[in-house]
Ligand SMILES: [Cu+2]
């Protein structure tokens, strides 16, 4: 009984402190009803002796911070599988897409079926609940296929989705490889809010609808915190979907190029030269001031910095460690994101070679 009471206290503590370490923490990475798509979930308690309480949180998609979500406590009796058809509605009384976070001090198994309601029945895919221990900083999603639009028989499309199971934001770098195993376009960056959920979206949109052959493709997902990533490959003729979980990318990239030092001239003609500077993560940027200006990161920039007001002959140095696109302006002569005296630092990822540079691959000779 003492153990039981202690367990209840621990559950209460887990509910109050979402980041506390739990015995079992599982994510259903996408759930909800959209159009003809539905998701059914099951939760199983393998214990022969004890009921368990699972704290379930619905984390809405839209890449919003879900730190304030209050979990709902549900009891799973011993040796019982509890069914939640249309889980977002039946368990949470909610609508829309999101992820589900399940936390308990007892062991449990959670699974899901995502399916489309068709005229002759359903077409669906099985989605395992993902243990928090399998969230990773280095992921790879293989066997993707994206070579046509919905309705075109014989072609497939690929959606990818992401969940950040951390109480802090995560910064992801996505690198897409096509049929020739070369990098497609430029690596894409994605910042996911604390406990944020990015709903499945076409892989092509992350890479500006590339023209490369993606009839076979794979995606590298690197992050500065452990995240969940998955693909869903959909037959455009039948809508038959296949869930593709991310695997650990165990490859160790060789050391990238040595960090370089780059320079921007802050001119008396109210310009940054060059206006757009492309560097590699870890590079140092020095602004050389030739008249009085105040270079400052835009409010939309993930990387925050400001030179303060500098005069002719002064320098300001900043190191960019995170990949991404970081717009900035002169606070004396332009508004944040406005027109006037603006510049952009484009930071390419360092740790996902080969090949360099992160440019469009040459067109195939056919
Ligand atoms: Cu200025």
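Tabulated data
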read-out: Alpha-carbon gyration tensor eigenvalues x 5, square-rooted, for segment 53-170, Å; value: 28, 20, 15
read-out: Gain upon complete extension [residue 72, residue 262; 0.36 nm per residue less C-alpha separation]; value: 63.2 nm
read-out: Label-point gap, in nm, between residue 65 and residue 94 - each point 7 angstrom along Cα→Cβ; value: 1.7
read-out: Where Rh is the Kirkwood radius over Cα pairs, Rg/Rh for segment 51-108; value: 0.98
read-out: Normalised per residue, the volume of the convex hull around the Cα set of the chain (Å³); value: 172
read-out: Whole-number Å³ per residue for the convex hull built on Cα positions in segment 135-248; value: 85
read-out: Cα gyration tensor shape for segment 261-348, rounded if a/c is under 1.5, else prolate or oblate; value: oblate
read-out: Residue 152 paired with residue 137, simple spin-label distance in nm, labels 7 Å along Cα-to-beta-carbon; value: 3.9
read-out: Potential lengthening between residue 107 and residue 202 on full extension [0.36 nm per residue; Cα-Cα distance subtracted]; value: 30.7 nm
read-out: For the chain: relative contact order, % (alpha-carbon pairs under 8 angstrom, 6 or more apart); value: 15
read-out: FRET efficiency, 1/(1 + (r/R0)^6) with R0 41 Å, evaluated for residue 339 and residue 167 via beta carbons; value: 0.60
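Every number here is computed from the coordinates shown, using simple stated rules; none is lab data. Just so it is clear, the structure is predicted and the values come from calculations on it, not from any experiment. Don't worry about glycine lacking a Cβ; one is built from the backbone with ideal geometry, like all the others, and counts go over all protein chains shown.
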